[in-house]
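The values are calculated or read from the model by the stated rules, or taken from the named source; none is laboratory data. Everything numeric in this text was worked out from a predicted model, so none of it was measured. Positions of Cβ are generated from backbone atoms using ideal geometry, with glycine treated the same way; all protein chains shown enter the neighbour counts. For the accessible areas, the whole protein counts, side chains as well, though only heavy atoms, and no ligand, DNA or RNA atoms are used. Shrake-Rupley method; radii C 1.70, N 1.55, O 1.52, S 1.80 Å.
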Amino acid sequence: MSGKHSNLILALIVGGLVLAIIVVAICTSLYNGNPEGFGPVYVNIIAVGDFLGQFFLRSLRMIIVPLVLASIIVGISSLGDIRKIGGIGFRTLGFYLVTTSLAVLLGLILVNVFQPGVGAEGALTAGEGQAERAAQLAGREDVAIGDVFLSFLSTNIFKAFAEGDMLPIIVFALVLGGILTTLGERGRVVLKFFEGVNDAMMKIIGLILWLAPIGIFGLVIAKFGGASMEPGGLRAMVMSVGKFSAVVIGGITFHSVVTLPILLFVLSKRNPFKYFLDLIPALLTAWSTSSSGATIPMTIECTVDRAGVDSRAAGFVIPLGATVNMDGTAFYEAVAVIFIAQALNVDLSIGQMILIFLTATFSSIGVAAIPQASLVMIMVILSQVDIPAENIAMILAVDWFLDRFRTVANVWGDSVGAAFVGRHLQQS
Ligand code: ASP
């Protein structure tokens, strides 16, 4: 994509977002003034927004499985020498681990200093819908930490393709890509095929990018419009757990504008501000879809075409990172669990804090890159520290909103990782 086009798209995306916020603000005030009269009109506007948003989301989801498969196979095979792959793999995983644990550590510090849960129990009585949702989630709470590692493998790779189950697809692609490089001519034929698929997917992303402004516009209208019509509205929701939301958004912002940019500057010698500007289309897609998986195509496009990151690095660091490297999610898991403990007056020992640190860091690997996927993992951690998992209901009302911010941090963390690995590749 040419620079001129990509700047036009960036302007359109930001314009779409701003317009959506204006539309929601106007509609909400009209609705509050005259619920009976304006209600039906508002519902229709929301339905149109939902249609536009779903159209964009589906077009992204449509290409994710072939894109991830092809880009990882091509990425890993283009690195050639197996010893190089070792170094890069080590750096990539090391980067993921360091950034994720820094995020969790920050979460532990903030939640213990600001204590958002103390005295919050009154405000947190779950509504009926939320208690029901918690009960539904509770059925899935028996995921043990060991299961996270089993989830790396699928019993049937075609089932994983069909269900978009990313972790096993990535493992399969890494193994297949590596093996193909050892098969000589026969392997090269297959690799050529995947190179063609990969190039085609990148072209399709270029087309989908034009849908982003309208898609983001629609997604924001649908979700925020819908929430503003609910009893109590958006404001009441955020206020009820205001301190918790402030700690989450404040901490994620700190990690994103201080910790990660410092690493980006030191490790990749890039100007963090410029890199951030290049990434805006991907970050806004993350914010509006709440899914780092659905954002993969945009993240690859922005890192490679806009920011000039080595495509071999982006091709495997981004899909891998979207699935296993979740700074925002890990941070949120730790803060949410301790917040709930504080609200219930449960004193956590230092040992339990360490347990939360470790499980939040490692379990974020197994959290799917889809909206609100952390909830299940938070329930797992709650039961580990002997808190009944249905207390998740306390955060359900705000979770969808906070999910947007942690997803942005997840995608930003992956992009910073891609720049780091890309620089290393170019130097070696
Ligand atoms: N929505 C997040 C993501 O896709 C996952 C989560 O924390 O729920 O990155």
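Of everything in the stretch 409-428 that is more than 9 Å from the ligand (Cβ to nearest atom) and under 10 Å from the mean Cα position of the chain (by Cα), the residue that is nearest to Ser290 (Cα to Cα) is Trp412. Residue under question is Val111, and the condition is that it be assigned to a helix (DSSP H, G or I), surrounded by fewer than 22 Cβ atoms within 10 Å (Cβ to Cβ) and either modelled with pLDDT of 90 or more or not basic (Lys, Arg) (or both); does it hold? So Val111 does not fit the description; no.
Considering the stretch 150-160, and only residues there that are farther than 15 Å from Ala369 by Cα and of a type outside the set (Val, Ile, Thr), the residue that is least open to solvent (accessible area, probe 1.4 Å) turns out to be Ser154.
For the stretch 244-338, please list each of the helices (runs of 4 or more DSSP H) lying entirely inside it that holds at least 2 residues being more than 16 Å from the ligand (Cβ to nearest atom).
On the way: elements: 260-268, 272-289, 292-301, 311-324.
Once the helices (runs of 4 or more DSSP H) in the stretch 244-338 are filtered for at least 2 residues that are more than 16 Å from the ligand (Cβ to nearest atom), what remains is 260-268, 272-289, 311-324.
Only one of these is within 13 Å of the ligand (Cβ to nearest atom) and part of a helix (DSSP H, G or I): Ser383, Ser364. Name it. After ruling out the rest, the residue left standing is Ser364.
Picking from residues in the stretch 162-194 that are among the charged types (D, E, K, R) and surrounded by fewer than 17 Cβ atoms within 10 Å (Cβ to Cβ), the one that is nearest to Ser151 (Cα to Cα) is Glu163. Could you run through the stretch 36-69 and say how many residues are over 30 Å from Ala200 (Cβ atoms) and either of a type in the set (A, V, I, L, M, F, W, C) or surrounded by 12 or more Cβ atoms within 10 Å (Cβ to Cβ) (or both)? Going through the stretch 36-69 one residue at a time, the tally reaches 10. Determine whether Ile280 is open to solvent by less than 10 Å² (accessible area, probe 1.4 Å) and within 14 Å of Gly413 (Cα to Cα). Taking the combined requirement at face value, the residue does not satisfy it.
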